[in-house]
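Reading through the C-alpha cells given below for one structure.
What follows draws every value from the coordinates through simple rules; no lab data is involved. If you're wondering where the values come from, they're calculated on a predicted model, not measured in any experiment. Every residue, glycine among them, receives a Cβ derived from its backbone with ideal geometry; neighbour counts consider all protein chains shown.
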Amino acid sequence: MATAINETLTGCPADCDDVLLYPAIPAVQDCPNYEQLRSQISRLYLLPNTMSGDIFASWGSTSAATPTYVANSIDNTNALNAKAKELVGIGEIAVPDKSTLNYPLLKTRTTEKRYPLQFTVYQLDDSTYEFLRQVQCGNLNFKFYYADLNGYVYGIADGLVPDLIDVTFPKGNANTDRNTAVIKLFWKATGDPQRRANPLA
Amino acid sequence: MQNPPPHIWGDTTAQNPFTYLPSTQCDDWLLPAIATCQDGTTYRQRRSEVAAILMLPTGADFPGDWENIADWVNTIDNTNTDDTKGKYLVGIGSFLPDSAVEVNLSGGRYIEQRERTYRLNMAVLNIDDGHSALCRKLQSGARRYSFWLLTVGDRLIGGPKGMKPVRANADFVLASGTDSREVWNITLTTTFLQYPEMTPQAIDFTGNGLSGGGGGGGDCNCDIQNLLGDLATYVDDAAAVTGGLSTGDWYVVDVGNDFLPPGIPRRVGG
C-alpha cells in the first residue's frame, strides 16, 4: 500500500550490520568569503500524474548531478493535465513535524518528517485564480518540485508526492493589502529532498 | 495435526471452514535463524494499520505466486460480478487477537494454544452504491471467499490461500455531529493455528489499474495491469542488465534481493 512517504534519503544503512559512510566535506570552513545562499522559494513546478515523463532528465543520484530540462514538458496553457505547470511566487518551508520512534536500549530515531511549504502567488489573473480554485479541490493527482532564488531545484526523480494541498485567498483590510493566494503544500519524507542545479533558473 | 487434504484447501468449491494452516505447522520444531545484530536504530519499524483487504471468492483462480505483484494483476477486478475475480477494498482497520483455545495436556502440566481467533475491524469511508451493496452482502454473513490484509507498513498478509472468515458483518453507522461522516464498519473474524504468512508488498492496488474502475461499476483503464504484466523479473540491477535491460528500464524485483521486497517495480540504476 503506497503511503506517500517520499524516500528522499538514499544510502542509509539497511540494518545495523551496515555502515553509514559520511561523505567528504571542505576541510577549511572558518573563512568568511564563501557565499551564503538565499533560501526563499521562488518557483513551484506541479506535474500532473497523467503527464508523460518528467520535466527533468538525468536527475542523477548526487547533488553534483546536472539535470536538464525536458523540452516542452512545462506548458501553463495546457488544460489537459498533459504538461506541467510552473508557478512563480514567494515561499518558505518551516521546520517540519517529526515522527520519532523508540528503539530498544533507550535509543530513538526520527523516521519521517512532514514538511510544510507555504507559497504565496501574487499574479492572480482570471485563469490563475480559476486554476487555484480548482487546486482547492484537494486532489493529490500530481507530483512536484520547488526551486529557490539561488538557482537550485529540490525534489527526487519523478517529483515529490504530496500529502495535502490547500489554497486560501486572504482578504486583508489594510490600505496596502493586495489580493494574493496562499498555497499550503505538505509532504511526508524520510528526509530533506535532493538538491540540483536548476536548469530552468 | 495434519494438513487438510488438498480439496479442503479451497481451490475449487470446497470450503475450508476456518483454518489457515501453513505447511510448516507440522515440520520439525527447529527455532529459525534471526538477525544477529539488533541493537541499532537502522531497522524499519513498520506501520501496523490495515489499509485494505483483498477478497477472492471461492472458486476464483488464486494468483500463481501470491508474493509476486505481477501474479495478482489478473486476479483482482473490482468491476467483476460473477465471482471469478477478487475485490480490493480500502479502509482504515485493525487486526487484533480476539480469543484462543487452550488445551491442557499431561494432566495439566502443559498448556498448548490451538485455534486463535483474530478479528478485522475496518472502516470503509468511500461509500458508493457498490460499496454499500458489498457491505450489505457481508451483513448476510457472506463467507465464500478468502481474504488478505494490506497494511500501511507495506505488508501483504494471508499466505498463498488467504484467510477464511468464520464470521462476517458490517454496520452502517450514522453518527450525529457536524463533522460526522457515513461509514461502513466491517468485521471479519478468522481462525488459524499459526499466524498467516506475510510478505513485504510495497505495491499500491489503487487507481485505474488493478482495482478496476469506480466501486460497483465504471470502466477499467488497465494500463497499469498491462504494463506490470509486460515487465520481466530479475533479482537485481546486475541481473537485469545481463538480461538485456539498460539504465532506466523497468523490471519487477524477484525473490532473493538483499534490500528490496519481491514484486515491486524497479528502474535499473535506481
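Among the trypsin sites (Lys or Arg not before Pro) found in region B:94-132, those both in a DSSP coil and sparsely packed, with 16 or fewer other Cβ atoms within 10 Å of their Cβ, are B:ARG109. Mind telling me which of A:GLY159, A:GLY53, A:GLY172 comes out most flexible in a GNM of chain A, alpha-carbon contacts under 10 Å? Of A:GLY159, A:GLY53, A:GLY172, the Gaussian network model singles out A:GLY172 as fluctuating most. Of all the options A:PHE142, A:PHE169, A:PHE186, the one that moves most in a Gaussian network model of chain A with Cα springs shorter than 10 angstrom is A:PHE169. Summary value for chain A: 28 percent relative contact order, contacts being C-alpha pairs under 8 angstrom separated by 6+ residues. Ordering B:TYR118, B:SER132, B:SER106 by Cα displacement along the dipole of region B:102-144 toward the positive end leaves B:SER106 in first place; charges were set at the Cβ atoms of Lys, Arg (+1) and Asp, Glu (-1).
Of the chymotrypsin sites (Phe, Trp or Tyr not before Pro) found in region A:44-123, the ones in coil according to DSSP and having at most 12 other Cβ atoms within 10 Å of their Cβ are A:TYR122. Which loop-located GluC sites (Glu not before Pro) does region A:12-107 contain, where loop means any DSSP state but H, G, I, E or B and the Cβ has at most 12 other Cβ atoms within 10 Å? Listed in order of number, the matching sites are A:GLU35.
Taking amide H as placed 1.01 Å from N in the peptide plane, B:GLU49 has its amide H under 5 Å from the amide H of B:VAL152, B:GLY153, each at least 5 places away in sequence or on another chain.
Say a paramagnetic label sat at a point 7 Å from the Cα of A:ILE90, along Cα to Cβ; which residues of region A:169-201 have their backbone N under 14 Å from it? Those under the cut-off are A:176-183. Neighbour counts of C-beta atoms inside 10 Å place A:LEU37, B:LEU150 in the sequence A:LEU37, B:LEU150, starting with the fewest. Taking each of B:LYS87/B:LYS137; A:LYS143/A:LYS171; A:LYS98/A:LYS184 in turn, the alpha-carbon distance tops 23 angstrom for A:LYS143/A:LYS171.
Residues whose amide H falls under 5 Å from that of B:ASN68, counting only those 5 or more places apart or on a different chain, are absent, with hydrogens built in the peptide plane. Among the cysteines of chain A, A:CYS12, A:CYS31, A:CYS137 have no other cysteine beta carbon within less than 4.7 Å of their own.
The HN-Hα couplings worked out from phi for region B:146-158 by the Karplus form 6.51 cos²θ - 1.76 cosθ + 1.60 (θ = phi - 60°) are 9, 9, 10, 9, 10, 10, 5, x, 6, 10, 10, 10, x Hz, whole numbers, x standing for Gly and Pro. Sites count as exposed loop sites when they are trypsin sites (Lys or Arg not before Pro), lie in a DSSP loop, and have at most 15 other Cβ atoms within 10 angstrom; the longest stretch of chain A without one is A:39-170. If both residues of a DSSP beta bridge must be in the protein assembly as shown, then about 95% of such bridges are antiparallel.
Charges were assigned to the Cβ only: +1 to each Lys and Arg, -1 to each Asp and Glu. The resulting dipole of the protein assembly as shown about its Cα centre is roughly 1060 debye.
Here the label points at B:ASP171 and A:ASN102, each 7 Å from Cα along the C-beta direction, are separated by 3.2 nm in the simple model.
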